[in-house]
Protein chains: 4
Amino acid sequence: MKETIIRVFKKPKLKNPVLLVGLPGIGNVGRLAIGYMASHLKAEKFAELYSPHFFNLVVIHEDRIHMLRQEFYCWKNPKKNGRDLIMLVGDSQSATQEGHYEIAGKILEFVSKLGCEEVITVGGFATGKIAEKPKVYGVPVEEEMTKRYRKCGIDFRVSGKVGTIVGAAGIIPGMAKLYGMHAMALLGETPGFPIHMDPSAAEAVIKVIEKMFGIQIDLSQLHEKVEEMHEFVRKIEEIQREALEEMKKKKAQEELKYIG
Amino acid sequence: MKETIIRVFKKPKLKNPVLLVGLPGIGNVGRLAIGYMASHLKAEKFAELYSPHFFNLVVIHEDRIHMLRQEFYCWKNPKKNGRDLIMLVGDSQSATQEGHYEIAGKILEFVSKLGCEEVITVGGFATGKIAEKPKVYGVPVEEEMTKRYRKCGIDFRVSGKVGTIVGAAGIIPGMAKLYGMHAMALLGETPGFPIHMDPSAAEAVIKVIEKMFGIQIDLSQLHEKVEEMHEFVRKIEEIQREALEEMKKKKAQEELKYIG
Amino acid sequence: MKETIIRVFKKPKLKNPVLLVGLPGIGNVGRLAIGYMASHLKAEKFAELYSPHFFNLVVIHEDRIHMLRQEFYCWKNPKKNGRDLIMLVGDSQSATQEGHYEIAGKILEFVSKLGCEEVITVGGFATGKIAEKPKVYGVPVEEEMTKRYRKCGIDFRVSGKVGTIVGAAGIIPGMAKLYGMHAMALLGETPGFPIHMDPSAAEAVIKVIEKMFGIQIDLSQLHEKVEEMHEFVRKIEEIQREALEEMKKKKAQEELKYIG
Amino acid sequence: MKETIIRVFKKPKLKNPVLLVGLPGIGNVGRLAIGYMASHLKAEKFAELYSPHFFNLVVIHEDRIHMLRQEFYCWKNPKKNGRDLIMLVGDSQSATQEGHYEIAGKILEFVSKLGCEEVITVGGFATGKIAEKPKVYGVPVEEEMTKRYRKCGIDFRVSGKVGTIVGAAGIIPGMAKLYGMHAMALLGETPGFPIHMDPSAAEAVIKVIEKMFGIQIDLSQLHEKVEEMHEFVRKIEEIQREALEEMKKKKAQEELKYIG
């Protein structure tokens, strides 16, 4: 695999679709929000993305090898004039500098061919403190999105607050313009503590998305699911940390051992 | 996006054009000088360059996502025998080793097709001390440029003074020869203190360029504009520094969290 | 050489072949087990793999330059209904992040064309302590392999024990699914001490492979051969360590000397 | 420039040519020996190699921009049955891991098309001490070279002495076999002190090459030329060191300044 590939199971016919992206990041806000939405809307997985720019390891999950990937889900809106959703969730962002741009390009090219003309990435906006009622900030590429979603509880005045968006949550909307798409990053306010999943920020974002697209998500299981996931994540993170140290040790060994 | 691309809005017809390059670097001399010139000549933007070798982040500017880029401006010389100018200014140089060569190649190939046969990059030449009257050094690839511009106040005797030119200001003229172009680096003397914009060095360079091409730039607003920019830059730099630390932290987190 | 290449000496006709992969890693379990098998089955080398992602050096072995490589061996099963084996052993894994995926892809594409539909990688599973009777863990990509080999002494319950598999032993089976192959990692329990070859873990793995494919390997020379290899490996490792330090020093020098 | 290119000025017709490679490395033995030979044989430059894998800077030499490169020289042997020589000398090896393989491949492909079937790289073999009469070690890829040059004062018994050859001096002969060429590394014994040019080792290697190809090089100017070069190199190295530190500082600044 020399470059990022997308394995398509089924090409869905979609009605004015919007792409919602939820990948790992600060507070795991994006992954949590979009992953929960995909699961509660019973969205259908129709494609998977693999990349040589993901970490050079596989995860063992329930006694099986799980290759790092990102997954495309689609949801058909039952309402007559409602918009369909494409949801992208995944295990990993790029582990290399250039990979971020390659992966973003593949994603945008792919959904563009499905008729998608709007992209929204979800991420966290770290403040360093716990907010009682987390805000949701919107950072569009152009004026258009501000108009389109001005009545959905999004705070569009971020200047002086955020200076850069690192990784997929910024690169994907930034590049979307090159594909003729409208795009925006939705950032849920989160403390940004390391190794922390923030269901409150995810909830705040989902509530905004409900207003944006006139849909309803049953949020009753979010906190409890996160609690479960949290245990899981905590456990995996310990293993990961060990794995990383192992990897470093192993790499050092390999450097010494390739003639072994 | 697997490689550097140039998005062309309009193919200008140019008269014996010269390319002036001003990218971030020591004292921001190049960016400042060429950016100011493009703005005061009311030059027209006709193309943008994007690269996977730029940093993997976007900048938030005035509540909008701004993808890192370099911009091509053209200015048509109203004088009958005057030369037209192409000006390249940008947010970023390559963040990877190989990227510098890829980006330089794309730029040169592009302007070559526009009939450009001469390239001048502008940069800073760090001395560690503040000069009352900053000198402007010229380092050509071949004899030709020394002859062409010997009466413009350029000091062509740099040996023993500068040993290498790092990044675009050196790679672009170095490679220009492979495209059959004449090329030179113009280096304004600057203290080279970290996080410092040097309008005096930029002014010295612009004065030299005025003589080189028989044009006039109103310099009255340079210092004051820099003062404004300086505030802005200072503020942004703080955010950047935080963002970078965030990025490092986040990267560490991601390394631990890709299963989250 | 811009990408990984496979040099094919001979295209063998194989009967329902399975690929066994043994590359350097924890305890050198894979390399030791599969290398010993290839040698004791008198398997025939039919192809070699070279990659720009291997370390940028060559090894001097018996007064000759030895370029880092991986080698494909095949063994034709004399039993009427027995399966043929393809064995891959090598000096090196990828030294770059992306290289792991490129190399795995080349391997899978190649054996796929030889009619191979099953892939088993062998590695070590580090526990930090010496086991009297090392276990052999199996981590399949899908249910199928668990069924196929449930009576071969493999422990398929790894969850909670291993969190990730780093490098080729994980990436190759992970990617095998994309090529329509069944795949599994076989991990021999090993202390995982640095610079250590573990013949006991290799022996345990070979015994499992004997059951899986109904073949017999004379194990009498394994420990003694390892003892020899161990001396050799130890010696080489010292040289390697020095070479690495040299390399670092040399690299620093080169950075300073490219005009010399 | 996305990959290594060779700019050919003239395709020489050569008689049974051998490629001699002298690039920067330990003691600069290779560069010194082959550079001196090319100059004293008045060999003709017929091609240049440029690569995005060289350092991302240009060198200022005698008030001109000098892009990092490697240069091919040819020398036609006036003797009726004598062999012609191709000599490759250069400023830089690859600055990236994968680049070494790409550059070696380009070189071998190129000389192969010129009818070259034999490759000899020259390097240093660091011992840590000053030898009164430096030995010259030969490490061939195959038996053939040992036979061919057994009476030329080369010590072919290196095992136990050298464990690896890092960079071009090892990768080029290692890969030569893939192009059907015979190949060997010639390593002159040298202390290997940092920032040190070793004319004695270079002299020892040239004397061996004289015997190998029945040619004569006037060595009277080698030491004195090195003395001159040494001054030059020393001076350049200081500048380089500063430039590198500058580069690091500048890079840090750029990281902070790309919005400047």
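Only the coordinates and a few stated rules stand behind these numbers; no lab work does. Quick caveat, the model's predicted, so the values are computed rather than measured. Virtual Cβ from ideal backbone geometry, glycine too; neighbours counted across all protein chains shown.
Look at the stretch B:21-28: the mean tally of other chain Cβ atoms within 10 Å of its residues' Cβ atoms is 3. Here is the P(r) of the protein assembly as shown: all C-alpha pair distances, binned every 10 Å from 0, give 2, 10, 17, 20, 20, 17, 9, 3, 1, 0 in whole percents. Cα centroids of the stretch C:186-217 and the stretch B:1-52: 61 Å apart. In order along the stretch A:90-106, phi translates into HN-Hα couplings of x, 7, 8, 9, 5, 9, 10, 4, 6, x, 4, 6, 4, 5, 4, x, 4 Hz, rounded to whole numbers, per the Karplus curve 6.51 cos²θ - 1.76 cosθ + 1.60 with θ = phi - 60° and x for Gly and Pro.
Taken residue by residue and averaged, Cβ atoms of other chains lying within 10 Å of the Cβ of D:98-110 number 4. Among beta bridges from DSSP that stay inside chain B, the antiparallel ones total about 55%. Ranked by the mean number of other Cβ atoms within 10 Å per residue, highest first, peptides D:48-60, C:104-116, C:215-227 order as D:48-60, C:104-116, C:215-227.
3J(HN,Hα) couplings calculated from phi for the stretch C:208-217 with the Karplus curve 6.51 cos²θ - 1.76 cosθ + 1.60 (θ = phi - 60°) are, in sequence order, 5, 5, 4, 5, 4, 10, x, 10, 10, 10 Hz; Gly and Pro show x. Label-to-label distance, C:R69 versus A:E210, with points set 7 angstrom from Cα along the beta-carbon direction: 6.4 nm. For chain D, modelled as a GNM whose springs connect Cα atoms under 10 angstrom apart, the maximal fluctuation among D:A176, D:A43, D:A202 occurs at D:A43. Note on chain A: dipole from Cβ charges, positive end direction compared against A:I171, A:P140, A:L219; the farthest Cα belongs to A:P140. Neighbours of B:I215 by Cβ distance under 10 Å: Lys/Arg scored +1, Asp/Glu scored -1, total +2. The other copies place their A:F9 label points at 4.4, 4.4, 6.2 nm from this one, listed shortest first, where each point is 7 Å from Cα along Cα→Cβ. Across the identical copies, the label point of D:S112 (7 Å from Cα in the Cβ direction) is separated from its matches by 2.7, 2.7, 3.8 nm, in order from shortest.
Here is how far apart the B:G180 label points are across copies: 3.6, 3.6, 5.1 nm, shortest first, using a point 7 Å from Cα toward Cβ.
Highest GNM mean-square fluctuation among B:F125, B:F72, B:F46, for chain B modelled with Cα contacts below 10 Å: B:F46. Label zone (C:E143, point 7 Å along Cα-to-C-beta; backbone nitrogen cut-off 20 Å) within the stretch A:62-89: A:62-67. For chain B, modelled as a GNM whose springs connect Cα atoms under 10 angstrom apart, the maximal fluctuation among B:K13, B:K80, B:K133 occurs at B:K80. Since only C:L88, C:C152, C:T127 are under comparison, the one whose Cα sits farthest along the positive direction of the charge dipole of the stretch C:5-218, derived from C-beta charges on Lys, Arg, Asp and Glu, is C:C152.
The overall shape of chain A is prolate: from the C-alpha gyration tensor, with semi-axes ordered a ≥ b ≥ c, the ratio a/c is 1.5 or greater and a/b exceeds b/c. Neighbouring Cβ atoms from other chains, within 10 Å of the Cβ of residues in C:85-97, number 3 on average. With a cut-off of 9 Å between beta carbons, the residues surrounding C:V136 carry a summed charge of 0, where Lys and Arg count +1 and Asp and Glu -1. The Cα center of the stretch C:84-149 and the Cα center of the stretch A:92-171 differ in position by 39 Å.
Neighbours of C:L14 by Cβ distance under 9 Å: Lys/Arg scored +1, Asp/Glu scored -1, total +3. For the stretch D:54-131, the C-alpha radius of gyration divided by 2.2 N^0.38 Å, with N the number of residues, is 1.41. For chain D, averaging the sequence separation of C-alpha pairs within contact (under 8 Å, six or more residues apart) and dividing by the residue count gives a relative contact order of 23 percent.
Estimated from helical segments only, the mean residue ellipticity of chain C at 222 nm is -12000 deg cm²/dmol, where each DSSP H run of four or more residues counts as -39500 (n - 2.57).
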